[in-house]
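The values are calculated or read from the model by the stated rules, or taken from the named source; none is laboratory data. These numbers come from a predicted model, not from an experiment. All Cβ positions, glycine included, derive from the backbone under ideal geometry; neighbour counts span all protein chains shown.
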Amino acid sequence: MPINAAEIQSKLDCQPSLMLLDQVVVLDKDKQIIAQKSVSANEIYFQGHFPNNPVMPGVLLIESMVEAAKLMWDEPDLVLTQVKRGRFREMVKPGMQLTIKVIAKEKYSCQAEVLIAEKKACTADLSFRTE
């Protein structure tokens, strides 16, 4: 059953301007999550990144994976402690549909990727700790 943006916002307790996930399409608690994000030209970060060539900042791609991991573990207070093997492979531009996949390796450690039509845009291994 999909989780919509309003439910994501209540689970993560974040403001809409900071929330990067639009919906969760697959959730296997503590194991994996698949979420989606529609990248809109109206997003505030496109105003200066970059003039006449809007590109979604890489740190926000990482943040989308972090948000998905927090939902997967149902731990909104997780703190990101490490990003390993982070790779940015494709530029994300307005109008693109992103799929965010996170697979748990062990407690609070995961492999994550952002895909554009099955093509990897960003990949990383993420580690967290609880507050």
Problem set entry | Selection from segment 26-67 of residues that are within 17 Å of THR123 (Cβ to Cβ), touching a Lys or Arg at 6+ places or on another chain (Cβ under 9 Å) and not in a helix (DSSP H, G or I) | GLN32, ILE33, ILE34, ALA35, MET56
Problem set entry | Qualifying positions in segment 39-71 - farther than 16 Å from GLU90 by Cβ and touching a Leu at 6+ places or on another chain (Cβ under 8 Å) | TYR45, GLU63, VAL66, GLU67, ALA68, ALA69, LYS70, LEU71
For this session: Could you list all residues from segment 59-78 that are surrounded by 13 or more Cβ atoms within 10 Å (Cβ to Cβ) and in contact with a Ser or Thr (Cβ under 8 Å, 6 or more places away or on another chain)?
Result: GLU75, LEU78
Seminar exercise, completed: Scanning segment 12-58 for residues that are surrounded by 13 or more Cβ atoms within 10 Å (Cβ to Cβ) and modelled with pLDDT under 85, the one nearest to LEU71 (Cα to Cα) turns out to be CYS14
For this session: For segment 72-104, enumerate the residues that are under 15 Å from VAL25 (Cβ atoms) and out of contact with any helix residue (DSSP H, G or I) (no Cβ under 6 Å at 6 or more places or on another chain).
Result: MET72, GLN97, LEU98, THR99, LYS101, ILE103
Exercise. Can you pull out the residues in segment 83-96 that are more than 15 Å from the chain's Cα centre (by Cα), part of a strand (DSSP E or B) and surrounded by 12 or more Cβ atoms within 10 Å (Cβ to Cβ)?
Worked result: none
